[in-house]
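Everything below concerns the one structure shown next.
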Amino acid sequence: METAQRNNKWKKILIWSCLSVIIIVAGLFVYLQSITYSPSKRAEAALKPDGQISITKIKNGYRFEPEGAETVEPNIVFYPGGLVEPASYAPFAKKLAEEGHRVYVANMPFNLAMFGQNKADSFIEEHPDEAFVIGGHSLGGVFASRYAAQHTDTLEGVFYLASYADETGSLTETDLSALQLTGTDDGVLNIESWEDAKINLPEDTTFVSIQGGNHGQFGSYGEQKGDHKPAITEEQQLEEVVKGLEEWFKRLNR
């Protein structure tokens, strides 16, 4: 009798513990959803097929590529910023696809790259004999760099949009090339941390400063909390980003 009562007591404790965990996880999920940035109408429009760019939703994200034409290397793997839905980077990916590149935008668990650092694996496996670069926006760039540090043999370079390489993602001992793109009106990027992190970049690093660009306009999801008002339009900033990337790609192919 006493043993049965003890067992029932532990069953109740176990049940309540499980329920508490479920409630906490559900609450956290709802909270993260409430503070996640969604794609703008412009980004949603960029996801629609137009006969020129093929856009495919695949297992780990989206693939953008020219329709009915050969692609131009390198292929591009992109990690979104923290708490930003991947579709928010559709204009960016589509613009690069219009330049001839195959672009992959990763879909991260909870929209946080820290939970999906190795998402690039499945993209690179699609075309293992072709050249790839990887990059990301903000938090996404940090984890793209960490991935690159562990996969130097499968990549040509790493690019950072308002981001940096932390110590774990250090590329100083690699032969990779890097591109740093920042906006002069960025109110989110911690400039002090960004400056300190320069020691983690490879010797072959190019820096591009976009006059009037801010943090949120590296994507397309509206105003970001803490950001400064940009002095240029989203389209102008995107043009500067693509221009910087294309010039960097040319140097990679030398």
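The values are calculated or read from the model by the stated rules, or taken from the named source; none is laboratory data. Please read these numbers as outputs of a predicted model, since none were measured by experiment. Here Cβ is always computed from backbone atoms with ideal geometry, including for glycine, and neighbour counts include all displayed protein chains. Ligands, DNA and RNA are stripped out before the accessible areas are found, and what is left, the full protein with its side chains, is counted by its heavy atoms. Shrake-Rupley method; radii C 1.70, N 1.55, O 1.52, S 1.80 Å.
Take the residues in the range 117-145 that are outside any helix (DSSP H, G or I) and closer than 25 Å to Q217 by Cβ; name whichever of them is most open to solvent (accessible area, probe 1.4 Å). Before the answer, list the steps.
The initial filter retains those residues of the range 117-145 that are outside any helix (DSSP H, G or I), namely 127-138.
In the following step, the residues that additionally are closer than 25 Å to Q217 by Cβ were identified as 133-138.
Values: V133: 0, I134: 1, G135: 0, G136: 0, H137: 2, S138: 33 Å².
Within the range 117-145, the match that is most open to solvent (accessible area, probe 1.4 Å) is S138.
Of the residues making up the range 165-215, those that are touching a residue at least 60 places away in the same chain (Cβ under 8 Å) and outside any strand (DSSP E or B) number 1. What are the pairs with Cβ atoms under 7 angstrom where one residue, in the range 233-254, is among the acidic types (D, E) and the other, located anywhere, is open to solvent by less than 60 Å² (accessible area, probe 1.4 Å)? Sequence gap at least six, or different chains. Filtered contacts from the range 233-254: E234/Q217; E234/S220; E240/I210; E240/G213. Would you say Y62 is among the aromatic types (F, W, Y) and either open to solvent by less than 20 Å² (accessible area, probe 1.4 Å) or modelled with pLDDT of 95 or more (or both)? Answer is yes for this residue.
Residues in the range 133-155 that are touching a Gly at 6+ places or on another chain (Cβ under 9 Å) and within 19 Å of K250 (Cα to Cα): V133, I134, G135. Checked against the criterion of being more than 24 Å from D50 (Cα to Cα), in contact with a Pro (Cβ under 7 Å, 6 or more places away or on another chain) and not hydrophobic (A, V, I, L, M, F, W, C), the candidates G81, G135, G116 yield just one match: G116.
Looking at A148, is it assigned to a helix (DSSP H, G or I), under 19 Å from M114 (Cβ atoms) and open to solvent by less than 50 Å² (accessible area, probe 1.4 Å)?
Working: assigned to a helix (DSSP H, G or I): yes; under 19 Å from M114 (Cβ atoms): yes; open to solvent by less than 50 Å² (accessible area, probe 1.4 Å): yes.
Here the answer is yes, as A148 does meet what is asked.
Being more than 18 Å from G136 (Cα to Cα) and among the basic types (K, R) is the requirement here; does K229 meet it? Criteria met by K229. Between G213, G183, the distinction of being over 21 Å from A144 (Cα atoms) and touching a Ser or Thr at 6+ places or on another chain (Cβ under 8 Å) belongs to G213 only. Checking the structure you have, find out if any residue of the range 189-196 is crowded, with 16+ Cβ neighbours inside 10 Å, of a type outside the set (D, E, K, R) and touching a helix residue (DSSP H, G or I) at 6+ places or on another chain (Cβ under 9 Å). Looking through the range 189-196, none of the residues is crowded, with 16+ Cβ neighbours inside 10 Å, of a type outside the set (D, E, K, R) and touching a helix residue (DSSP H, G or I) at 6+ places or on another chain (Cβ under 9 Å).
For the range 88-116, a tally of residues being open to solvent by 10 Å² or more (accessible area, probe 1.4 Å) and closer than 11 Å to G219 by Cβ returns 1. In the set (1) surrounded by fewer than 19 Cβ atoms within 10 Å (Cβ to Cβ); (2) modelled with pLDDT of 95 or more; (3) assigned to a helix (DSSP H, G or I), the condition left unmet by K57 is number (3).
Suppose the filter is assigned to a loop (DSSP other than H, G, I, E, B), in contact with an Asp or Glu (Cβ under 9 Å, 6 or more places away or on another chain) and modelled with pLDDT of 95 or more; does G82 pass it? For G82, the condition - assigned to a loop (DSSP other than H, G, I, E, B), in contact with an Asp or Glu (Cβ under 9 Å, 6 or more places away or on another chain) and modelled with pLDDT of 95 or more - is not met. Looking at I76, is it in a strand (DSSP E or B), out of contact with any Phe, Trp or Tyr (no Cβ under 6 Å at 6 or more places or on another chain) and either surrounded by fewer than 18 Cβ atoms within 10 Å (Cβ to Cβ) or not charged (D, E, K, R) (or both)? In short, yes.
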